[in-house]
1. Inspect the stretch 94-117 for any residue being out of contact with any Asp or Glu (no Cβ under 6 Å at 6 or more places or on another chain) and modelled with pLDDT of 90 or more and give the result as yes or no.
2. Can you tell me how many residues in the stretch 150-165 are assigned to a helix (DSSP H, G or I) and not charged (D, E, K, R)?
3. Within the stretch 1-41, which residues are within 26 Å of Ile100 (Cα to Cα), out of contact with any Pro (no Cβ under 7 Å at 6 or more places or on another chain), modelled with pLDDT under 80 and assigned to a helix (DSSP H, G or I)?
4. Tell me the helices (runs of 4 or more DSSP H) entirely within the stretch 65-149 that contain at least 2 residues that are within 17 Å of the chain's Cα centre (by Cα) and over 28 Å from Phe183 (Cα atoms).
5. So, in the stretch 7-45, how many residues would count as being over 25 Å from Val91 (Cα atoms) and among the hydroxyl-bearing types (Ser, Thr, Tyr)?
6. What's the total number of residues in the stretch 140-165 that are open to solvent by 60 Å² or more (accessible area, probe 1.4 Å), closer than 16 Å to Pro118 by Cβ and touching a residue at least 40 places away in the same chain (Cβ under 8 Å)?
7. Determine whether Lys99 is within 30 Å of Ser160 (Cβ to Cβ) and open to solvent by 60 Å² or more (accessible area, probe 1.4 Å).
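The values are calculated or read from the model by the stated rules, or taken from the named source; none is laboratory data. Predicted model, so just to flag it, every value in this text is computed and none were measured. Quick reminder, even Gly has a Cβ in these numbers, built from the backbone with ideal geometry, and neighbours come from all protein chains shown. Ligands, DNA and RNA are stripped out before the accessible areas are found, and what is left, the full protein with its side chains, is counted by its heavy atoms. Shrake-Rupley method; radii C 1.70, N 1.55, O 1.52, S 1.80 Å.
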Amino acid sequence: FPQGSPAGVSPTENANSMFPLFIRTGLPSGITGLIAAAIMTAAMSSLSSGLISVATVIQEDILKTAPRFKDRKFSIKDIRIISVLLGVAVVACCLFIGKIPGNLYDITMKVVNLVVEPLFVLFFVALFIHWGTDWGAVIGGLASLVVAAIISLAGVWDISELWIMPISFVVGVTAAMIASIFFKERKECCYE
């Protein structure tokens, strides 16, 4: 119903504002509240499960292996504190989301694809590169993250956001292989 849109508003140029406008004016009042509640519920569910998962990984894989916390007993309270700190960091990062140009779809493609490939580079190095080392995987993941950020956020090379994943994957795996050659780990032989 294009006649219901305000004068001078184009669906292609004002895509981010047209959908909320339709929800606010084109739907009955009860349905509008249900849609708003559903969007908030889905966002909070995804955010809370992600924060708890990352907080647990930080506690189990980073803090428990650190020499400083070796003898400390961790509890659920520690995970809650880590979750709160991560939540504050996420909210602080979200304050800058308005600086990214484009409509909602473009912003989603740019932000979501930032960490997909760096994480996959870590798994790829662990599973398929037999000479891969810990430092090689870390350097490859960081290289992949930097390239993904340059492509999506800085727009230095004027490349479409569809190329974020393949380019950052190739750069990350290449950097991981080269770094693994330079940072060879000495392996203790367990056979006699």
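1. No: the stretch 94-117 contains no residue that is out of contact with any Asp or Glu (no Cβ under 6 Å at 6 or more places or on another chain) and modelled with pLDDT of 90 or more.
2. Number of matching residues: 9.
3. Ala15, Asn16, Ser17, Phe19, Pro20, Leu21, Phe22, Ile23, Arg24
4. Hits in the stretch 65-149: 76-94, 104-112.
5. 5
6. Of the residues in that region, 2 qualify.
7. yes
Okay, residues lined up against (1) surrounded by 11 or more Cβ atoms within 10 Å (Cβ to Cβ); (2) under 29 Å from Phe169 (Cα atoms); (3) in contact (Cβ under 8 Å) with a residue 60 or more places away in the chain:
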position	(1), (2), (3)
Thr41	no, no, no
Met44	no, no, no
Gln59	yes, yes, no
Arg68	no, no, no
Cys93	no, yes, no
Val112	yes, yes, no
Glu117	yes, yes, no
Phe124	yes, yes, no
